[in-house]
Amino acid sequence: MKLNPDIVPFDPIITQQDRHVMNAHKSGLVWFSGLSGSGKSTLAHQVEAKLYQKGVRSYVLDGDNVRSGLNADLSLSPEGRKENVRRIAEVAKLMVDAGILVFAAFIAPYEESRRFVRELMADWPYFECYVKCSLEVCEQRDPKGLYRRARQGEIKNMTGIQAPFEEPQHPNLVVETDQCELNSCVDQVIDFLNRQRLIILR
Ligand SMILES: Nc1ncnc2c1ncn2[C@@H]1O[C@H](COP(=O)(O)OP(=O)(O)OP(=O)(O)O)[C@@H](O)[C@H]1O
Ligand SMILES: [Mg+2]
């Protein structure tokens, strides 16, 4: 997006690095993508709860929560979904700059949107976690009753039913929630954060 030349960002005194030292851990963005019901919210919030016990400052940006406020004006059309992802990515970037470990739990069904986030976060610690789960299992879980309503024709844009989900091709981490218990999935994410040295300050 072309910036207005009259906009002159102010250079902060306190840097992201300063905040990492103060927090004794790093910040970054982990984007959990996957079908509705795959377990993005469950996983992200469980990881956050475990990190809280370790004194790590993290925050979950969760699909429906953000659509209830900041993005309440956006539809579920392809354009609405892309703008949803763009705003979330920009908010997440500010939070990462603020020193927080951010977990974004959004379906993000389009590769184009995920590429946009990757490019936006190119110079920042950014990781894509594919929360993989078959459509059959997601439909059985159906925690919000959305699949049932989509099958009955009450919902028209359901990802996996009428709208596509383009599988992430090169995610940094894949967690298979239809193969592993929740606790094991949580540990896989925490191990990954450890390997990336995000929650250990050198
Ligand atoms: N290994 C697992 N990891 C995560 N969730 C699991 C797992 N096994 C079973 N579940 C269950 O699957 C459901 C996942 O629902 P959740 O709301 O987290 O999905 P979601 O991906 O956030 O969906 P949406 O995109 O609609 O917000 C929950 O009921 C959760 O208890
Ligand atoms: Mg969710």
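Descriptive notes on the structure:
- Look at (1) more than 14 Å from Phe32 (Cβ to Cβ); (2) within 15 Å of ligand 1 (Cβ to nearest atom) and you find that Leu182 fails only one, number (1).
- Selection status of Gly37, open to solvent by less than 20 Å² (accessible area, probe 1.4 Å), within 16 Å of ligand 2 (Cβ to nearest atom) and within 19 Å of Phe165 (Cα to Cα): yes
- For segment 99-202, the strands (runs of 3 or more DSSP E) that sit wholly inside it and include 1 or more residues that are buried (at least 20 other Cβ atoms within 10 Å of the Cβ) and aromatic (Phe, Trp, Tyr) are 101-105, 126-132.
- Residue match in segment 17-27 (condition: within 13 Å of ligand 1 (Cβ to nearest atom), more than 23 Å from Glu119 (Cβ to Cβ), of a type outside the set (Phe, Trp, Tyr) and modelled with pLDDT of 95 or more): no
- Screening the candidates Val66, Val56 for the property of being surrounded by 12 or more Cβ atoms within 10 Å (Cβ to Cβ) and under 15 Å from the mean Cα position of the chain (by Cα) yields one hit, Val66.
- Matching residues in segment 148-178 - criterion: being of a type in the set (D, E, K, R) and in contact with a Phe, Trp or Tyr (Cβ under 7 Å, 6 or more places away or on another chain): Glu166
- Residue that is away from ligand 2 (no atom under 15 Å from the Cβ), at pLDDT 95 or above and of a type in the set (Lys, Arg), where the choices are Arg148, Arg115, Arg86, Arg141: Arg148
- Residue under evaluation Phe103, criteria (1) more than 15 Å from the chain's Cα centre (by Cα); (2) within 16 Å of ligand 1 (Cβ to nearest atom), criterion not met: (1)
- Here Gln196 clears all of (1) more than 12 Å from ligand 1 (Cβ to nearest atom); (2) in contact with a Gly (Cβ under 9 Å, 6 or more places away or on another chain); (3) free of Cβ contacts under 8 Å to residues at least 40 places away in the same chain except the condition numbered (3).
- Which numbered condition Ala44 misses (of (1) surrounded by 19 or more Cβ atoms within 10 Å (Cβ to Cβ); (2) outside any helix (DSSP H, G or I)): (2)
The values are calculated or read from the model by the stated rules, or taken from the named source; none is laboratory data. Since this is a predicted model, take the numbers as computed values, not measurements. With ideal geometry, Cβ positions are generated from the backbone for all residues, glycine too; neighbour counts draw on all protein chains shown. Only protein heavy atoms, including side chains, enter the accessible area calculation; ligands, DNA and RNA are left aside. Shrake-Rupley method; radii C 1.70, N 1.55, O 1.52, S 1.80 Å.
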